[in-house]
Amino acid sequence: MDIPKPPGVVPSADIILSVEGITKEFSTVRVLDSIDLAIERGEVMGLIGENGAGKSTLIKIISGIYQPTAGTIRLNGEVVRIGDYSTAKNLGISIVPQEFNLINTLTVYENIFLGNEIRLKSGLLDKGTMRKQAAAQLQELRMPVKVDRLIGDLSVAEKQMVEISKALMLHARILIMDEPTTTLTGHELETLFTLMRQLKAQGVTIIFVSHKLREVKTICDRVTVLRDGKLISVDTVDSVDEKDLARKMIGRDFTQVFPAKKYRDGTDVVLQVEHLEVRNLLHDVSFTLRRGEILGFAGLVGAGRTELFEAVMGLRHVERGSIAIEGKAVRIRHARDAVDLGLAYISEDRQGKGIVQNFDIPKNITLISLVEYVKRHLIDKQAEGKKASHYVKVFNIVAASQKMALRYFSGGNQQKVYLARWVDTDPKILVLDEPTRGIDVNAKREIYEFIHMLAAKGISCIVISSEMEEVIGLCSRVYVMKEGMVAGCLTDEHINEEEIMFHATGIKGRKAYG
Amino acid sequence: MVDSLEKKSFATALAGYFGNFKLSEHATGVGFILLFLLATIVGWPNFLQFRNLTNILRQISYTGIIGLGMTLIIISGGIDLSVGSMTAFTGGITIFFLNLFPGDSVLAVILSSMFAIVFGSICGLFNGLLVTKGRIAPFIATLGTMSIFRSLIQYFSGAGNILSNNNLYADIGSGVFLRIPVPVWVFIAVAVVLHIVLNDTRFGRYVCAVGANEQVARYSAIKVQTIKLIPYVITGFTAGLTALLWSSRLNCINPSDCTGYELDAIAAAVIGGTSMSGGKGSVMGTVMGAVMLGMINNMLVLGGVSSYLQQAARGLVIIVAVLLQYNNKN
């Protein structure tokens with residue numbers, strides 16, 4: 001029997017958890033494609049990949065939050081069915097989520113025992129025992145956190161300790177950490193790594209999800225690379241360097257069609273931002289935007305791209321720095337100032353910050369430019385409806401009726417309505433933050449074409465995207481951000497996935513702040 | 001041939017209209033008609049008398065006017081519990097102001113009328129500033145001012161009636177124009193104006209947007225705090241109007257007058273389909289809601305039901321109205 005083993009399977013080691021042929025489909029989209037992976041007892045396994053590679057889906061399947069479309073999970077060699085997260089917890093699998101699930105108004109021990117409270121015979125809470133057990137565990141993990149402090153008063157690092165402690169309280173043997181280092185600073189990072197080594201010494205198996213290659217190299221024993229829902233490789237960290245890993249994470253074919261790039265070499269600077277500072281978020285950010293160009297902003301999630309443009313739009317408090325539009329220094333204190341100066345910002349959070357769900361198409365489109373439709377203090381609804389029809393045609397918005405509330409439309413159509421709203425303000429500068437998130441391929445292509453059309457009309461566009469091929473396919477220049485700073489600016493043939501990934505992960509370009 | 005075609009198309013149009021008829025969208029209207037029919041039967045024949053109907057309208061116009069302003073506040077995502085106290089407070093202070101002028105002066109009546117409206121608006125502005133500048137939850141801020149306004153007017157009046165010395169003043173509140181009482185005319189006028197403000201002005205659109213999703217409004221360059229402030233001022237204005245109408249009706253104010261007006265105002269808005277979570281509502285709905293509350297009371301009185309049960313019937317109608325509107329959505 002000489003069947004070649006898939007890369008994820010180690011033949012003879014002590015395997016605590018293995019997944020075999022795990023496939024996950026959402027409606028018709030396959031996000032995980034028959035993954036085989038075996039994890040050894042007591043190891044730290046790194047799980048890396050680009051945004052959308054399938055990391056989160058895989059850990060959600062292991063922790064019972066999603067059910068796989070096909071495939072099996074084995075725990076200690078036995079096939080298990082993990083129907084939900086509480087089953088996973090009972091099996092000793094716990095997850096430390098990226099966004100903490102802690103209640104700010106409760107104390108540390110109350111959070112640790114949330115949902116698993118110990119009660120006295122009378123039914124009242126046994127606070128003494130809970131406090132004692134929590135304290136004992138924090139002590140054992142050498143976490144310098146007092147059990148009676150309120151979560152709201154803790155630092156991010158301390159909150160994470162509580163989250164880890166909460167996960168371990170249920171006697172977890174497998175601890176999944178989802179991007180645990182995104183919000184930590186250097187010193188806190190060291191503390192986390194020390195803690196991880198300690199857990200490892202106690203026999204806890206850790207799955208460490210990250211996209212920071214250096215950290216993976218530092219803390220992991222082995223590292224798994226996912227790309228486009230497929231398992232690419234499993235290596236011991238000693239056998240690969242950061243560049244190898246970066247290359248494995250990228251390098252896919254361009255499947256989407258982008259309109260041909262048009263380079264504009266006008267030197268006419270429309271927007272110049274210099275030395276912008278926002279507390280804890282942005283450090284010394286400078287960039288320029290030229291007339292009619294499509295400028296890209298790449299980087300990993302949390303690199304500060306969204307925050308940068310929220311600051312430019314007057315939606316965040318800027319501590320230092322200057323903004324000049326067409327050579328004139330401007331002060332932007334409110335989004336209204338930004339709109340009046342010809343700036344437009346399409347947020348990545350379409351549902352939360354973009355569309356008004358219960359407004360129909362015309363009301364959504366004219367939300368910002370409404371003053372243009374007011375005649376003698378009253379809204380000219382006919383003009384409003386006419387303009388809406390115009391955009392419905394231009395943007396190919398598929399709508400049974402314009403009068404339907406926007407919540408009934410698909411993501412792509414909602415996005416087009418949102419785009420139309422900002423185009424209707426007649427902007428000079430249009431910032432599109434993740435313009436194609438959560439919309440289907442056809443709508444994506446249409447939106448790319450609109451961006452080109454707008455640029456051709458002389459509107460300068462900025463595209464923020466975590467999908468590298470989008471930035472590469474659309475933009476003539478690309479700034480790469482990392483940890484609140486501009487790591488570099490790429491032009492011409494340097495705009496490729498490798499260069500972007502190197503800058504985004506800190507292999508190349510400007511290094512950490514301070 | 002042509003005739004039958006026209007008939008047919010009319011029939012299809014009618015069928016189409018009723019085919020698309022959704023109870024949830026017209027719950028207020030349907031409820032209004034049903035209640036009207038019920039009241040007609042229960043109160044036969046007195047209910048349908050013109051005098052009775054104008055009487056109902058007069059009774060509901062005081063809280064109804066305030067309910068119109070309240071509708072805007074609720075749509076913007078807020079609430080104002082202080083309107084009852086504010087009305088008594090404004091009414092009392094207005095009579096003090098009126099009494100500064102000797103004799104039955106027409107000028108005094110005109111100035112006092114304006115004073116009541118301005119004073120009410122200022123009280124509303126105070127509430128609005130607490131909510132927007134002070135960032136206090138509307139429920140709490142207006143709970144506070146509710147006590148403050150009530151306490152102040154009790155203090156200034158020495159807990160007794162505040163009597164007006166001007167006999168002309170009473171002509172406003174007890175006046176009748178074209179057989180319809182003045183407060184009803186005011187109610188209609190304010191309703192028409194605020195209906196237009198809500199549906200056809202930029203401000204009205206922004207009130208809905210802010211109430212529906214404050215973040216979206218902020219990211220759409222809307223001055224959210226200003227939009228949230230103005231409905232409180234408008235409500236103060238409506239409370240000022242009611243104070244004027246109420247204090248001039250009997251030409252005096254008792255410091256415990258207008259207690260509980262806030263609940264009737266909120267109830268009218270809610271029965272009229274205004275969503276307590278903000279973003280959605282209609283001024284005409286509130287008009288119907290207010291009239292429905294009046295009809296219930298009237299019907300129960302005419303039907304000889306104990307006055308103690310009237311509050312229960314009113315509560316029931318509020319609950320049924322909300323059930324109809326919200327549960328049909330899913």
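Where a number appears in this text, it was derived from the coordinates with a stated rule and is not lab data. Please read all numbers here as calculations on a predicted model, not as lab measurements. Cβ coordinates were reconstructed from backbone atoms using ideal geometry, including for glycine residues, and neighbour counts include every protein chain displayed.
A few notes on this one:
- Ellipticity estimate at 222 nm from DSSP helix runs (n ≥ 4, -39,500 (n - 2.57)) divided over chain B, nearest 500: -24000 deg cm²/dmol
- Averaged over the residues of B:220-228, the number of partner chain Cβ atoms lying within 10 Å of the residue Cβ comes to 5.
- Note on the range A:374-495: Cα convex hull, mean projected area over all directions, 9.8 nm².
- Modelled label reach - residue A:491, point 7 Å along Cα→Cβ, the range A:286-305 residues with backbone N closer than 15 Å: A:287-291, A:293-296
- DSSP bridge pairs, the range A:15-249: antiparallel proportion in percent, nearest 5: 60 percent
- Reported to the nearest whole Å, the Cα centre-to-centre distance from the range A:103-149 to the range B:76-153 is 50.
- In this Cβ point-charge picture (+1 for Lys and Arg, -1 for Asp and Glu), chain B has a dipole of about 580 debye about its Cα centre.
- Note on residue A:202 and residue B:46: their simple-model spin labels are 8.0 nm apart, each label 7 Å out from Cα toward Cβ.
- Added length on full extension, which subtracts the Cα-Cα distance from 0.36 nm per residue, residue B:155 to residue B:114: 12.4 nm
- Simple spin-label estimate for residue A:398 and residue B:26 in nanometres, 7 Å along Cα-Cβ: 3.2 nm
- Label-to-label distance, nm, for residues given as residue A:124 and residue B:165 (7 Å Cα→Cβ offset): 6.6 nm
- Sequence-distant residues sharing a close amide H with residue A:98 (under 5 Å, placed H): A:178
- Computed about its Cα centre, the charge dipole of the range B:194-330 is approximately 420 debye, with only Lys, Arg, Asp and Glu carrying charge at their Cβ.
- Taking B:252, B:258, A:461 and counting other C-beta atoms within 10 Å, the order from fewest to most: B:252, A:461, B:258
- Peptide-level mean, for B:200-209, of C-beta atoms on other protein chains within 10 Å: 5
- Of the residues A:178, A:340, A:228, the one with the fewest other Cβ atoms within 10 Å heads the list, and the complete ranking is A:340, A:228, A:178.
- With R₀ set to 35 Å, the beta-carbon distance separating residue A:386 from residue B:277 gives a calculated FRET efficiency near 0.60.
- The gain in end-to-end length when the residue A:104 to residue A:405 segment is fully stretched comes to 104.8 nm, 0.36 nm per residue minus the alpha carbon separation.
- Efficiency of FRET from Cβ geometry, residue A:277 and residue A:41, R₀ 51 Å, rounded to 0.05: 0.60
- The Cα atoms of the protein assembly as shown give a gyration tensor whose axes a ≥ b ≥ c have a/c of 1.5 or more with a/b greater than b/c, which makes the shape prolate.
- Sorting A:24, A:146 from the fewest to the most surrounding beta carbons within 10 angstrom yields A:146, A:24.
- Summing Cβ point charges (Lys, Arg +1; Asp, Glu -1) relative to the Cα centre of the protein assembly as shown gives a dipole of roughly 1640 debye.
- Summarising the strand pairing of the protein assembly as shown, around 60 percent of its internal DSSP beta bridges are antiparallel.
- Relative contact order (%) - chain B, alpha-carbon pairs under 8 angstrom, separation at least six: 34 percent
- Extension gain, residue A:329 to residue A:87, is 81.2 nm, computed as 0.36 nm per intervening residue step minus the present C-alpha separation.
- Tensor-based shape of the range B:64-282 (alpha-carbon gyration tensor, a/c under 1.5 rounded, otherwise prolate or oblate): prolate
- Each peptide in A:292-303, A:101-112 gets a packing score, the mean of other Cβ atoms within 10 Å over its residues, and the list from highest to lowest is A:292-303, A:101-112.
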